[in-house]
1. Please calculate the 1.4 Å probe accessible area of SER250, with all protein chains present, and give it to the nearest 10 Å².
2. Output ³J(HN,Hα) for the range 197-203: one whole-Hz value per residue in order, computed from phi by the Karplus curve 6.51 cos²θ - 1.76 cosθ + 1.60 with θ = phi - 60°, and x for Gly and Pro.
3. Would you look at the GNM of the chain, springs on alpha carbons closer than 10 Å, and say which of PHE52, PHE34, PHE20 moves the most?
4. Please list, in order along the range 118-135, the HN-Hα scalar couplings obtained from phi with the Karplus expression 6.51 cos²θ - 1.76 cosθ + 1.60 (θ = phi - 60°), rounded to whole Hz, x for Gly and Pro.
5. Give me, ordered by chain and number, the residues 5 or more places off MET105 or on other chains with an amide H under 5 Å from its own placed amide H.
6. Keeping all protein chains in position, work out how much accessible area THR67 exposes to a 1.4 Å probe, and write it in Å² to the nearest 10.
7. Per-residue HN-Hα couplings for the range 93-110, Karplus 6.51 cos²θ - 1.76 cosθ + 1.60 at θ = phi - 60°, whole Hz, x for Gly and Pro?
8. Name the residue from VAL241, CYS221, GLY197 whose Cα lies farthest towards the positive end of the charge dipole of the range 147-250, charges +1 on Cβ of Lys and Arg and -1 on Cβ of Asp and Glu.
Amino acid sequence: MITPPHTLLIHGWGANHHIFDPLLAHLPATWQKFCYIPDLPGHGCAPFDGTFNIDSIADQLATQLTTRTHLLGWSLGGMVALSLAARYPEKVASLCLTASLAKLMADSDYPQGLQRASLNMMSSRFSEDYPKYMQQFLQLQMLYADTGARACLNSLVTAICQYGAPAALNAALHALEQADLRPLLSSINCPVLLIYGGRDAITPPRMGEYLHQQLPQSEWCLLPQAAHTPFLSHPDEFTRVLGQFWEQYS
């Protein structure tokens, strides 16, 4: 019998731990109780002291891991997971990055990045009317979703928005825009699963392909009809790929 994996799920910018509620429902019941899903600082119900530092967050999360753990990081959460895996390899059994990145903005040696960030507009809109624009954001991500996946959208928005707009919106966005984790990639030797959406305009597949080239033990999975939330829009396929990966390294 395969032992259920101990897992740490790390959400992305502007959301909170509830973003993973639908994914949890698709995991085997025996696995769900081993999932640790915290809120990032200033998101959800987590306190915020005015600073948002990716490495410091990774340090704090590492103190909570009492056994080798499978990390799953979405978007900005994937950057936290990358930092944790690089800094605490003894605590990480595997790493799954979905719609994540090593660096957001393009550079002369990094054409895979974005030429223009659109998240600043999202930040102002989230601050203005968080429930309205969170719903619009998720609706866009679910345009090509499975019918069943779209059915849970309203309840998911309600769960995410119950805490109001994240206090760390601007600080977390600044950390995201400034971060460059490329120097860490060669030191990450755990198995890595990369799951990306073919219709993702926030972290396009080329960002994941760059990670695939740089990470020594990575596996690549593209869901052609998914956007920035593959685990929400295509939960059955996402869970199947993720489950096979976790079973392989549990």
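1. Accessible surface of SER250 is approximately 70 Å².
2. Here the 3J(HN,Hα) series is x, x, 10, 7, 9, 7, 10 Hz.
3. PHE34
4. 9, 6, 4, 5, 4, 4, 5, 6, 4, 5, 6, 7, 4, x, 4, 7, 5, 5
5. Placed amide hydrogens put LEU114 under 5 Å from MET105.
6. 60 Å²
7. So the Karplus estimates, Gly and Pro as x, are 8, 7, 9, 10, 10, 10, 6, 10, 6, 9, 7, 7, 8, 5, 9, 4, 9, 8 Hz.
8. GLY197
The values are calculated or read from the model by the stated rules, or taken from the named source; none is laboratory data. The model shown is predicted, which means the values in this text are computed figures rather than measured ones. Here the Cβ is made from the backbone with ideal geometry for all residues, glycine too, and neighbour counts use every protein chain on show. Note: areas computed on protein heavy atoms with side chains; ligands, DNA, RNA excluded. Shrake-Rupley method; radii C 1.70, N 1.55, O 1.52, S 1.80 Å.
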